[in-house]
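Please read the structure below before turning to the comments.
The values are calculated or read from the model by the stated rules, or taken from the named source; none is laboratory data. Quantities reported herein were computed from a predicted structural model and do not represent experimental measurements. Using ideal geometry, Cβ is built from the backbone for each residue, glycine included, and neighbour counts are taken over all protein chains shown.
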Amino acid sequence: MAKERGRGETKRDELIRENERLRGTLSAIRSGRRYTFAAALTKEAIKWGALGFFGWLSVRELAGRVTVVDAAVDLCGSMTDALKELVPSWTVQIVTILVALVSILFAKRTRVVNRRLVKRAAAATRKYEELVDPNRSSSGLGDDGDTHDEDKL
């Protein structure tokens, strides 16, 4: 039948003992995960419960009172009305278009500068890697930081 091992122990007995040991380990891992999950859930419940409770207290305390927020809303509303009376609507539209154009130009310039910095950093990294390990193989990544066409989804 089964081949004898060591002190009269068969391969089957050894496997049964190993299986029991692994079941105990798995049980300990599962219970540890339960405790970790319970602790995380309790932490989140305390955080959001406290946030809700203090939010409710704030609303209850300030209900029916004039606050600084009311004054700021009134001020912004009156400034908007004054702006509408003083500045024609076409001026606001032109300013909006100018801000959009400046934002686009800024984004393009930032992209150009970032690409230049990536190329410079790639060259410096390559020199350093060759200095440290001349036999190092290249990853084949481009110097411009863009994804290769064959790697795109």
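Points to keep in mind about this one:
- The criterion of being within 30 Å of T147 (Cα to Cα), in contact (Cβ under 8 Å) with a residue 24 or more places away in the chain and of a type in the set (A, V, I, L, M, F, W, C) does not hold for V112.
- Which listed residue is not in a helix (DSSP H, G or I) and not hydroxyl-bearing (S, T, Y), from R17, R12, R30, R65: R65
- Matching residues in region 138-151 - criterion: being modelled with pLDDT of 70 or more and exposed (fewer than 10 other Cβ atoms within 10 Å of the Cβ): H148, D149, E150, D151
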